[in-house]
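Peer 1: First the structure, then my questions, so here it is.
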Amino acid sequence: MSYVSISVHRLIDCASRMVSVSKLLLSILMLLTIFFAFQFKGGKSGLLHQKVHMHISNNLTNGAKLGVHCKDKDHDIGAQTLNVGESYNFVFRPNTFAPTTLYFCGFRFNTEFHHFDVYDQERDDDFVEKECHWEVHESGPCRHNVMDKPNSIECFPWNP
């Protein structure tokens with residue numbers, strides 16, 4: 001083979017590799033564009049869930065203090081003692097690909113101790129968007145249903 005023939009083969013090989021790299025880069029760019037388009041669409045249509053701002057308020061009667069300690073399987077949010085009207089707040093991002101996010105809290109007041117799942121993604125995903133508000137009463141916690149029925153409150157019994 002002549003030098004010109006080898007150079008032409010190398011040139012063709014190099015060009016085909018460049019086309020393959022260009023196709024790969026174009027595919028990655030298209031996927032990133034789609035990903036970001038979903039993110040900026042807002043609400044629950046995005047590929048990642050929005051962060052949830054959790055607010056747990058002491059609504060106990062007789063001025064009782066409320067001890068609150070919340071966590072999930074990987075994060076211990078910590079313990080706080082709340083006076084009536086005060087709130088315990090934290091922020092998290094629910095799982096995107098499977099509805100498995102679960103935050104649970106222990107509540108201590110007077111001589112009682114109770115626990116409750118303040119965020120169960122399967123239960124709460126349709127009722128909570130960016131804000132999750134709970135009021136703690138002696139009989140159990142009550143959630144403000146912001147998305148489902150604005151200005152409505154749904155109360156739950158304590159976990160057994």
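Peer 1: What are the residues in the range 84-118 that are aliphatic (A, V, I, L, M) and buried (at least 16 other Cβ atoms within 10 Å of the Cβ), if any?
Peer 2: Scanning the range 84-118 gives LEU102, VAL118.
Peer 1: Going by the conditions given, is GLY106 modelled with pLDDT of 95 or more and assigned by TED's automatic domain parsing to the domain that holds GLU138?
Peer 2: Against the criterion (modelled with pLDDT of 95 or more and assigned by TED's automatic domain parsing to the domain that holds GLU138), GLY106 qualifies.
Peer 1: Inside the range 104-160, can you point out the residues that are touching a residue at least 60 places away in the same chain (Cβ under 8 Å) and in contact with a Leu (Cβ under 8 Å, 6 or more places away or on another chain)?
Peer 2: TYR119, VAL136, HIS137, GLU138
Peer 1: Going through the range 124-160 one residue at a time, which ones are exposed (fewer than 13 other Cβ atoms within 10 Å of the Cβ), touching a Cys at 6+ places or on another chain (Cβ under 9 Å) and small (Gly, Ala, Ser)?
Peer 2: SER139
Peer 1: Something else now. Return the residue satisfying two criteria in turn: it lies in the range 131-159 and is of a type in the set (Phe, Trp, Tyr) and over 15 Å from MET54 (Cα atoms), and of such residues it is farthest from the chain's Cα centre (by Cα).
Peer 2: TRP158
The values are calculated or read from the model by the stated rules, or taken from the named source; none is laboratory data. The shown structure was predicted, so the numbers you read here are calculated from the model rather than taken from an experiment. When we count neighbours, we look across all protein chains shown, and the Cβ atoms used for this are built from the backbone with ideal geometry, even at glycine.
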